[in-house]
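Data block below; observations after.
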Amino acid sequence: MVQVYGAALKELVTEEFGDGIVSAIDFEIDLERVADPKGDRARIVLNGKFLPYRVW
C-alpha cells in the first residue's frame, strides 16, 4: 500500500504540514481488525513525527 500510495501520501503531508518528512525513527504502527458485514477490514495507523526541512 505504501509503495502504491506513498507519493500521494507525501503530497498530502506536505499540503497539511509544509515541506518536510514523516520520521521513521520515532515511529509507531497500529493494526486493528474492524468488523464489517461484507467482510472484516484492516485499519492501519502510521504515526510518525513530522520533521520540517531546514535551510542551514
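What follows draws every value from the coordinates through simple rules; no lab data is involved. Worth saying up front: this structure is predicted, and the values here are computed from it rather than measured. In this analysis, Cβ positions are derived from the backbone assuming ideal geometry, glycine residues included, and neighbour counts consider all displayed protein chains.
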With springs only between Cα atoms under 10 Å, which of ASP40, ASP30, ASP19 fluctuates most in a Gaussian network model of the chain? ASP40
Taking K and R as +1 and D and E as -1, what net charge do the other residues with C-beta under 14 Å from the C-beta of ASN47 add up to? -2
Which length gain, in nm to one decimal place, applies between GLU28 and TRP56 when the Cα-Cα distance is subtracted from 0.36 nm times their residue separation? 7.2 nm
So what is the relative contact order of region 2-52, in percent, for Cα pairs below 8 Å that sit 6 or more residues apart? 37 percent
Between VAL22, VAL45, VAL34, which gets the highest mean-square fluctuation from a Gaussian network model of the chain, Cα cutoff 10 Å? VAL34
Extension reserve of the ALA35-LEU9 stretch, reckoned as 0.36 nm per residue once the Cα distance is removed: 6.8 nm
What angle do you read, to the nearest 10 degrees and between 0 and 90, between the alpha-carbon axis of helix 2-17 and the longest principal axis of the chain? 50 degrees
Kirkwood Rh and Cα-based Rg: tell me the resulting Rg over Rh for the chain, rounded to two decimals. 1.10
One finds, for PHE17 and ALA42 with R0 = 30 angstrom and r their Cβ-Cβ distance, a FRET efficiency to the nearest 0.05 of 0.70
Just want the answer: with Cβ charges of +1 for Lys and Arg and -1 for Asp and Glu, which residue in TRP56, GLY20, VAL2 is farthest toward the dipole's positive end in the chain? VAL2
Candidates LEU31, LEU46, LEU12, ranked by Gaussian network fluctuation over the chain, Cα under 10 Å, top entry: LEU31
Answer in debye to the nearest 20: the dipole magnitude of the chain about its Cα centre, from +1 Lys/Arg and -1 Asp/Glu charges placed on Cβ, is 100 debye
